[in-house]
1. What number, in percent, do you get for the relative contact order of the range 93-172 if the mean sequence gap of Cα pairs under 8 Å and at least 6 apart is divided by its residue count?
2. How high is the relative contact order of the range 1-134, given as a whole-number percent (alpha carbon pairs under 8 Å, six or more residues apart)?
3. Using the crude model of +1 on Lys and Arg Cβ and -1 on Asp and Glu Cβ, and no other charge, please compute the dipole size for the range 143-234 relative to its Cα centre, in debye to 20.
4. On a full-extension model of 0.36 nm per residue, what is the gain between Glu43 and Lys182, subtracting their alpha-carbon distance, rounded to one decimal in nm?
5. So, in Å, what gap is there between the alpha-carbon centers of the range 64-125 and the range 138-207?
6. To check my understanding: the extent here is largest minus smallest coordinate of the Cα atoms along each principal axis. What are those three numbers for the range 1-88, in Å, largest first?
7. Treating only the Cβ of Lys, Arg, Asp and Glu as charged (+1, +1, -1, -1), what charge dipole size does the chain show about its Cα centre? Round to the nearest 20 debye.
8. With an 8 Å Cα cut-off and a minimum separation of 6 or more residues, compute the relative contact order for the range 5-232 in percent.
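All of the numbers you see were taken from the coordinates with simple rules; none came from a lab. Because the structure is predicted, anything quoted here is derived from the model rather than measured. Neighbour counts run over all protein chains shown; Cβ positions are idealised from the backbone, glycine included.
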Amino acid sequence: MQPAIIHALELGPMENFIYLIEDPATKQCAVVDPAWDVAAITELAKARGLHISDILLTHSHDDHINGINGVLDEYDAQVHLLQAETKHWGANLDAKLHHGGDVLKLGETAIKMLHTPGHTPGSACYHVGDELLTGDTLFVFGCGRCDMHGGDPNEMFDTLRKIHTDLPANTLVRPGHNYAVKQSCTLHEQSEGNPFLHFHEREDFVRFRMQLHGQVRSSPYEAVSHEQAQDFLK
């Protein structure tokens, strides 16, 4: 079985990464967080000879979903979302709902859905082979905000620790924004350089995320040592 191929597009004024997951055996394709430039998304799919059959949402913020209708205008694709994220949508939702741990089959490719709350209540990451598409949950050397639309820094603390401990160190993190000095990195690199993984006390994490981070860091994010992270708290 051929492994899935993941294509990345950086689109829009917020440096969003939009991903196309290609199943080489069937040429089925899933688009993760379609936004900003639908033409660029569909042109890449057509250039690769792919049929977009599915749309996967990491969460419901506009900069990650504003291209859904444009994709649906061209493809009869199924939208997928975690159940915990539905409050954001109200009645304006036509999607297949999932829970953390569910597996979507895209041709011969298995896509595992992880429930990763913190940025929003129903944030999801998608685990494909040895790659993890993290939306706004986990950036390269950073993590998403927890002060909007139901975000919760306590949940983010638990989520990041679970990702760190449950997945192999060679897992490649593919974030939802190009906010760092590199576009992707392994979980091992995150454990060495992401300040949010250096705080082992919940209260230190929450204080840093909610009060200090914006004062001491700006993008592009660089790796931060454990010692540097502790200095941020002083």
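1. Worked out over the range 93-172, it gives 24 percent.
2. Across the range 1-134, relative contact order equals 19 percent.
3. Result for the range 143-234 is approximately 240 debye, rounded to the nearest 20.
4. Fully extending the segment from Glu43 to Lys182 adds 47.5 nm.
5. 21 Å
6. For the range 1-88, the Cα spread along each principal axis is 37, 29, 23 Å.
7. Using only the charged Cβ atoms, the result is roughly 220 debye.
8. Relative contact order for the range 5-232 comes out at 14 percent.
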